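> Here it is, the structure in full.
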Amino acid sequence: MLFPAPPPGFTRRHVATAECPSIALWERRGEGSAIVFVHGNSSSKSAFVNLLVEPALADRHLVALDLPGAGESADMADPDAYTIPAVARTVASALAAADIRDPVVVGWSLGGHIAIEMVGQQAPVAALVLTGTPPAGPGAEEIASAFHQSEQLAVGLSERPSDNALIDYLHHVYGITGALPQHLVDAGRRFDGRFRARFAEHWLAGGDGHRQRVVVAYWPRPIAVIQGDREPFFDPSSLDAMAWGQLWRNRGQWIAGAGHAPFFTDPAAYARLLADFVGSID
């Protein structure tokens with residue numbers, strides 16, 4: 001499989017952690033706190049390729065990484081470590097190994113749940129941006145109340161979906177009705193299916209992990225919600241009804257006409273909001 005080249009101005013790096021022998025990153029040095037992008041289920045860092053080159057972010061220090069079992073990163077050494085808490089520790093370890101300190105973490109979908117868990121684990125994070133992530137879990141009842149139950153959601157929790165089911169799922173994830181860019185298809189096929197199945201099993205069981213709604217309600221640092229108003233996997237209006245400790249502008253920031261991946265479908269609007277948020281905390 002051929003992986004996309006880094007966007008112009010970015011370099012490719014690999015760092016090792018105790019749990020995963022190689023985590024891949026794209027990085028471009030710049031001003032201010034690093035902004036770290038953590039992708040979602042059945043995806044990779046290439047999901048952010050449109051956003052990374054937006055003019056509103058041109059001077060910023062940007063980092064996009066592949067989760068273990070995704071993109072150019074290695075699989076977890078122990079497949080049982082594909083849990084939200086274990087992956088959160090791995091991401092924090094990878095950022096430390098790459099000398100990326102106190103970043104703003106942008107978590108998309110599953111990446112948002114991982115970012116919230118990082119904060120719960122007291123990883124050194126300056127601020128959070130959540131997209132496509134309703135804070136929920138661990139525990140089946142809370143998760144079921146947060147998400148619409150659908151065939152597409154079930155595919156995202158399956159170890160070995162059919163290729164047709166996976167492609168249909170990716171259409172819903174990215175809100176694309178026509179042909180999917182090949183790099184998104186390749187990322188979906190490469191994603192370790194054991195990750196999908198194991199994180200879901202573990203999070204639904206309600207075992208270890210920080211209660212996400214408690215974390216966002218009491219964390220004293222800034223959180224921005226940047227969200228498409230046509231979110232297919234949950235009711236986006238539920239986010240404004242939640243308790244937040246330090247929610248930017250006291251409400252979610254909506255991108256009209258966008259779905260689960262607004263940074264992909266409307267990268268200019270997303271970049272402007274992200275730049276405004278990061279500028280407000282610099």
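> Name the most mobile residue of Ala24, Ala94, Ala58, meaning the one with the largest mean-square fluctuation, in a Gaussian network model of the chain with Cα contacts below 10 Å.
Ala58
> OK, next. Taking every DSSP beta bridge with both residues inside the chain, roughly what % is antiparallel (nearest 5)?
Numbers: 9 of 30 bridges.
Here the share of antiparallel DSSP bridges comes out near 30 percent.
> Antiparallel as a % of all DSSP beta bridges within the stretch 1-83, to the nearest 5?
Details: 9 of 14 bridges.
Bridges in the stretch 1-83 are about 65 percent antiparallel.
> Please compute the per residue accessible area over the chain with all protein chains in place, 1.4 Å probe, rounded to a whole number of Å². Before the final figure, lay out the partial values.
Numbers: 10960 Å² over 282 residues.
Per-residue accessible area for the chain comes out at 39 Å².
> Go through the stretch 65-82 residue by residue and turn each phi into a ³J(HN,Hα) via Karplus (6.51, -1.76, 1.60, θ = phi - 60°); whole Hz please, and just put x for glycine and proline.
Along the stretch 65-82, the couplings run 10, 8, 4, x, x, 9, x, 8, 6, 6, 6, 4, 4, 10, x, 5, 7, 7 Hz.
> In whole Hz, what ³J(HN,Hα) sequence does the stretch 197-205 give by Karplus (6.51, -1.76, 1.60; θ = phi - 60°), x for Gly and Pro?
Coupling constants for the stretch 197-205: 6, 6, 5, 5, 4, 5, 5, 5, 5 Hz.
> Once the principal axes of the Cα atoms of the chain are found, what is the range along each, listed largest first in whole angstroms?
That works out to 43, 42, 40 Å along the principal axes.
> Right, next: Tell me, what is a quarter of the convex hull surface for the C-alpha atoms of the stretch 29-69, in nm² with one decimal?
Numbers: hull surface 12.1 nm².
The directionally averaged projection comes out at 3.0 nm².
> In Å, what Rg and Dmax follow from the Cα atoms of the stretch 152-282?
Values for the stretch 152-282 (Cα only, Rg and Dmax): 16.7, 45 Å.
> In square nanometres, what is the average projected area of the Cα convex hull of the stretch 151-215?
Numbers: hull surface 21.8 nm².
Mean projected area of the Cα convex hull: 5.5 nm².
> If you don't mind, another one. Does the stretch 137-186 classify as rounded, prolate or oblate by the C-alpha gyration tensor (a ≥ b ≥ c root eigenvalues; a/c under 1.5 gives rounded; else a/b over b/c gives prolate, otherwise oblate)?
Cα axes put the stretch 137-186 in the prolate bin.
> Sticking with this structure for a sec: Run the quick spin-label model on Arg13 and Ala140: label points 7 Å from Cα toward the beta carbon, then report their separation in nm to one decimal.
For Arg13 paired with Ala140, the spin-label model returns 4.2 nm.
> I've got another one for you. Given a 1.4 Å probe and every protein chain left where it sits, what share in percent of the accessible area of the chain is carbon and sulfur? Show your work: numbers first, answer last.
Values: 5520 of 10960 Å².
Whole-percent figure for carbon plus sulfur exposure: 50.
> For the stretch 1-69, what does the alpha-carbon gyration tensor say about shape, rounded, prolate or oblate, given a ≥ b ≥ c as the root eigenvalues, a/c under 1.5 as rounded, and a/b over b/c as prolate?
It comes out prolate by the Cα gyration axes.
> Kirkwood Rh over Cα pairs of the stretch 53-208 into Stokes-Einstein at 10 °C, 1.306 mPa s: D in µm²/s?
Stokes-Einstein gives a translational diffusion coefficient of 96 µm²/s.
> Let me ask you something else. For the chain, set up a Gaussian network in which alpha carbons nearer than 10 Å are linked by springs, and say which option among Ser145, Ser43, Ser73 fluctuates the most.
Among Ser145, Ser43, Ser73, the largest mean-square fluctuation in the Gaussian network model of the chain belongs to Ser145.
> A follow-up question, please. At a threshold of 8 angstrom on Cα-Cα distance, excluding pairs fewer than six apart, so keeping six or more, what relative contact order does the stretch 187-271 reach in percent? Spell out each step's value before the answer.
Numbers: 91 pairs, mean separation 23.7, N = 85.
In percent, rounded to a whole number, it is 28.
> Can you give the convex hull volume per residue for the Cα atoms of the stretch 1-121, as a whole number of Å³? Kindly include the intermediate steps, with their values, before the conclusion.
Working: hull volume 11.8 nm³, N = 121.
Residue-normalised Cα hull volume stands at 98 Å³.
> Also: How much length, in nm to one decimal, is gained on full extension between Arg29 and His148, taken as 0.36 nm per residue of separation minus their Cα-Cα distance?
Values: separation 119, 0.36 × 119 = 42.84 nm, distance 3.91 nm.
Length gained, Arg29 through His148: 38.9 nm.
> Running a GNM on the chain with Cα contacts under 10 Å, which residue among Ala136, Ala56, Ala217 ends up with the highest mean-square fluctuation?
Maximum fluctuation in the GNM of the chain, among the listed residues, is at Ala217.
> How many nm is it between the label spots at Ser237 and Ala205, if each spot is 7 Å from the Cα in line with the beta carbon?
3.7 nm
The values are calculated or read from the model by the stated rules, or taken from the named source; none is laboratory data. This structure is a prediction, so every number in the text was calculated from the model and none was measured. Note: ideal-geometry Cβ built from the backbone for every residue, glycine included; neighbour counts use all protein chains shown. Surface areas here come from the heavy atoms of the whole protein model, side chains and all, with no ligands, DNA or RNA. Shrake-Rupley method; radii C 1.70, N 1.55, O 1.52, S 1.80 Å.
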